[in-house]
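K.L.:
Below you'll find the structure I mean.
The values are calculated or read from the model by the stated rules, or taken from the named source; none is laboratory data. Keep in mind it's a predicted model, so treat the numbers as computed, not measured. Glycine also receives a Cβ, built like all others from the backbone with ideal geometry; neighbour counts cover every protein chain displayed. We work out accessible area using only protein heavy atoms, side chains counted, and drop any ligands, DNA or RNA first. Shrake-Rupley method; radii C 1.70, N 1.55, O 1.52, S 1.80 Å.
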Amino acid sequence: MAAHQEKKLAEERKHQNMQNGTKVSQGQWGRAWEVDWFSLASILFLLMFAPLIVYYFIMSCAQYQCSLTDPLLDLLTGNKHLSDIWNRTPMLTYRAAGIYSLWVTFQVVLYMCIPDFCHKFLPGYVGGVQEGAVTPAGVVNKYEINGLQAWIITHVLWFANASFLHFFSPTIIFDNWIPLLWCANILGYAVSTFAMIKGYFFPTNAKDCKFTGNFFYDYMMGIEFNPRIGKWFDFKLFFNGRPGIVAWTLINLSFAAKQQELYGEVTNSMILVNVLQGIYVLDFFWNEAWYLKTIDICHDHFGWYLGWGDCVWLPYLYTLQGLYLVYHPVQLCTAHAMGVLMLGLLGYYIFRVTNHQKDLFRRTNGNCRIWGKRPEHIECSYTSVDGTKYYSKLMTSGFWGWARHFNYTGDLMGSLAYCLACGFQHILPYFYIIYMTILLTHRCIRDEHRCSSKYGKDWKRYTAAVPYRLLPGIF
C-alpha cells in the first residue's frame, strides 16, 4: 500500500511539473551529451598516451633504477633506440596469464558467490544487500556489499601461504610485474570494449544510456550508467572495488617481501607506505556502502576511463612508492618517519571525518549535531530525467563549511605522506601527489559544473555560503 501511494505521488509530481512547463534537462546528471573540442582532445590524448605513461614508469624502474630522465637522454643522444628498450622488456608469459586469470576469477567468485557475513558480527559495519542512489532515469539499483569480506579472505589466504603453505613466493607479484601489466591491459581493453558493445545492443537500462555520437568520447567515458550481467554482477562496483583495490595491499606486501629478499630487511619507509595505504584501502572497504553514493557510482558511466583505469592505472601507478623502495630502499630518521606518519594520519582523519559528517547529515536529514550544534544547510531542488522533482539539502557546517570538497584536502594530505616516505632523491614517487592534485581539482570542477546544472540558482546560494573549494582562504 505504501509503495503504491509513493508511486502515485511521484506520478502526480511528474504531471504537475509538466503542467507547469518544467523543462527536464537530461544533461544535468552523469557525463556530457555534447563534446567540445577540448574534451575530445583530452580524450584522444589519454587514449593514446595513458598506456604509454604506465609503461614508461614501470620500464624506468625495471631498466633505469626509477630514473625518469635517463631513458629520454639515452634516446636523444643515440645511446639507445626504442627497439633496445622494448627488447629488454619482459613479454606476456603463460605463468603471468595463469596468475592473472586465477586472480580475477577468484575475485569474481568472492563477489558473486559468498554473501556478506561481516555485517553480522562487526559493529558499525554496513554490508549485505544495499541500495544505491537514484539514477538519472529514476532507477534504484541494489548491490551486494561484501568487499571487506573479500579483502579479509584474500589476505588471510596470502598470509597463510607466506607463513605455512608455501605454494608460491610472496614476491610473486613483483617477479611477474611487467608480464602481469600486459594481462591487466588485455582485461582493461576487453571489458571496456564489451561495455561499449553492450551499451549499443543490449543495455541493462536503455534510459540510463548516453550517446554523444562521438565514438572516442563514448568509448572513453562510457555509454551505460550501470552495466550489469544478471541481477548482481555490476561492472562499475566490481571493477572500482575489485580486483584493483584488493590487489593494492597485496602488491605492497609483495614489494616488502622483495625488499626483505634483496637487502635482508624491510625499511621503515616501506612499512609506512604499507601501513598508510593499507589504512586507505581498509577504509574504502569498511565504507563500501557509503561509496555507492559517491561521484564514481552516482555520476560516472562505465567506459574505458573506469574499465581500463581500474585494471591498469590504479594498481600500477598507485603503488609506485612501494616499487621505488624496492630499487631504492630508504631508512628514514625517526623525526622524518614520525612526521610522515602524523601527516598521513591527519590527512586520513580529515578525509574520514569530513565524509562522516556528510553521511550523518544525509542519513538524519539534518537532524543531528556537527561539532556540538545543529548543522546549517541550503535547501535546494532538482528534476530527474522522468520529470520528478526532488528536494535536497547542502550542508554548510563542520568541515563542509570550511571548503566545498574538504574531504579531498585530507585525501591530498595522505597522498603527500606516501610520497614523502620515499625521501627526496627521485621525482618518480612524487607522481602520485601530482596526479592526485590534478585529478581531484578536475573532479571538483567537474562535480561543481554538474551540480550547477542540477541545482541552478540554489547552487549559487551554496557557493556564496561556502566560497572555497579545497583550501580555506586560498582555493
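K.L.:
Could you state the accessible area per residue of the stretch 332-474 in Å², with a 1.4 Å probe and every protein chain left in place?
P.N.:
Details: 6880 Å² over 143 residues.
Solvent-accessible surface per residue comes out at 48 Å².
K.L.:
Still on this structure, please answer the following. Counting helices only, and only those DSSP H runs with n ≥ 4, report the 222 nm mean residue ellipticity of the chain as the sum of -39,500 (n - 2.57) divided by its residues, in deg cm²/dmol to the nearest 500. Don't jump to the answer; show the numbers that get you there.
P.N.:
Numbers: 22 runs with 284 residues, N = 475.
Value at 222 nm, helices only: -19000 deg cm²/dmol.
K.L.:
Which Cα, out of TYR468, HIS442, THR89, lies furthest along the positive dipole direction of the chain (beta carbon charges, K/R +1, D/E -1)?
P.N.:
Final value for the positive-end residue is TYR468.
K.L.:
Please compute the net charge surrounding PHE285, taking Lys and Arg as +1 and Asp and Glu as -1 over other residues with Cβ under 14 Å from its Cβ.
P.N.:
On the way: positive: ARG242, ARG352; negative: ASP116, GLU144, ASP283, GLU288.
Net local charge, PHE285 excluded: -2.
K.L.:
Still on this model: Please calculate how many Å² of accessible area the stretch 90-331 carries per residue, with a 1.4 Å probe and no DNA, RNA or ligand atoms counted. Walk me through the numbers before you get to the answer.
P.N.:
Values: 9360 Å² over 242 residues.
I get 39 Å² per residue for the stretch 90-331.
K.L.:
Also, quick follow-up: Amide H neighbours of THR204 under 5 Å, counting only residues 5+ apart in sequence or on other chains, H built in-plane at 1.01 Å?
P.N.:
For THR204, the qualifying residues are ARG228.
K.L.:
So how compact is the stretch 90-331: Cα radius of gyration and Dmax in angstrom?
P.N.:
In Å, with Rg to one decimal and Dmax whole: 18.7, 58.
K.L.:
In whole Hz, what ³J(HN,Hα) sequence does the stretch 453-469 give by Karplus (6.51, -1.76, 1.60; θ = phi - 60°), x for Gly and Pro?
P.N.:
5, 6, 9, x, 5, 5, 5, 5, 5, 5, 5, 5, 6, 10, x, 9, 8
K.L.:
What is the ratio of the Cα radius of gyration of the chain to 2.2 N^0.38 Å, with N the residue count, to two decimals? Please list the in-between numbers first.
P.N.:
Working: Rg = 23.4 Å, N = 475, 2.2 N^0.38 = 22.9 Å.
Here the Cα radius of gyration is 1.02 times the empirical estimate.
K.L.:
Mind computing the radius of gyration and Dmax over the alpha-carbon atoms of the stretch 332-474? Å is fine for both.
P.N.:
For the stretch 332-474, the Cα-based Rg and Dmax read 17.9, 61 Å.
K.L.:
Loop only per DSSP, at most 13 neighbouring Cβ atoms within 10 Å: give me the trypsin sites (Lys or Arg not before Pro) in the stretch 48-138, ordered by residue number.
P.N.:
On the way: sites: LYS80, ARG88, ARG95, LYS120; in loops: LYS80, ARG88.
Qualifying residues, ordered by number: ARG88.
K.L.:
Can you give the charge dipole size of the chain about its Cα centre, rounded to the nearest 20 debye, using +1 on the beta carbon of Lys and Arg and -1 on the beta carbon of Asp and Glu? Can you show the working numbers first?
P.N.:
Working: 38 positive and 31 negative charges, 308 e Å.
Charge dipole of the chain: 1480 debye, to the nearest 20.
K.L.:
List the residues whose amide H sits under 5 Å from the amide H of ILE114, counting only those 5 or more places along or on another chain, with H placed 1.01 Å from N in the peptide plane.
P.N.:
none
K.L.:
Per residue, what volume in Å³ does the Cα convex hull of the stretch 162-301 take up? Don't skip to the end; give the middle numbers.
P.N.:
Working: hull volume 21.9 nm³, N = 140.
In the stretch 162-301, the Cα hull volume divided by residue count equals 157 Å³.
K.L.:
So what J values fall out for the stretch 168-182 if you push phi through Karplus, 6.51 cos²θ - 1.76 cosθ + 1.60 with θ = phi - 60°, rounded to Hz, Gly and Pro as x?
P.N.:
Whole-Hz 3J(HN,Hα) from phi for the stretch 168-182: 8, 6, x, 8, 4, 5, 4, 5, 10, 4, 6, x, 5, 4, 5.
K.L.:
Next up: For LYS142, go through the aspartates and glutamates and keep the ones whose alpha-carbon is under 18 Å away, minus same-chain ones fewer than eight residues off.
P.N.:
Cross-link targets: ASP116, GLU131, ASP208, GLU224, ASP234, GLU288, ASP296, ASP300.
K.L.:
Could you list which residues have their amide H under 5 Å from that of THR396, counting only those 5 or more apart in sequence or on another chain, with H placed in the peptide plane?
P.N.:
GLU376, HIS377, ILE378
K.L.:
Apply the Debye scattering formula to the stretch 344-386, with a single equal point scatterer on each alpha-carbon and no solvent, then give log10 I(q)/I(0) at q = 0.17 Å⁻¹.
P.N.:
Calculated log10 I(q)/I(0) at the listed q: -0.61.
K.L.:
Let me ask another. To the nearest µm²/s, what D does Stokes-Einstein give for the stretch 62-132 at 10 °C and 1.306 mPa s, using the Kirkwood radius over alpha carbon pairs as Rh?
P.N.:
On the way: Rh = 17.1 Å.
Once the numbers are plugged in, D ends up at 93 µm²/s.
K.L.:
Just going by the charge dipole of the stretch 90-331, with Lys and Arg at +1 and Asp and Glu at -1 on Cβ, which of TRP151, VAL140, HIS328 is farthest out on the positive end?
P.N.:
It is VAL140, whose Cα lies furthest towards the positive end.
K.L.:
In whole percent, how big is the carbon plus sulfur part of the accessible area of the chain, probe 1.4 Å, protein atoms only? Before the final figure, lay out each step's value.
P.N.:
On the way: 14520 of 22400 Å².
Reported share for carbon and sulfur atoms: 65 percent.
K.L.:
List the relative contact order of the stretch 90-331 as a percent without decimals, with contacts defined as Cα pairs under 8 Å and 6+ residues apart. Please report the intermediate quantities before stating the final value.
P.N.:
Details: 333 pairs, mean separation 63.9, N = 242.
Relative CO of the stretch 90-331 lands at 26 percent.
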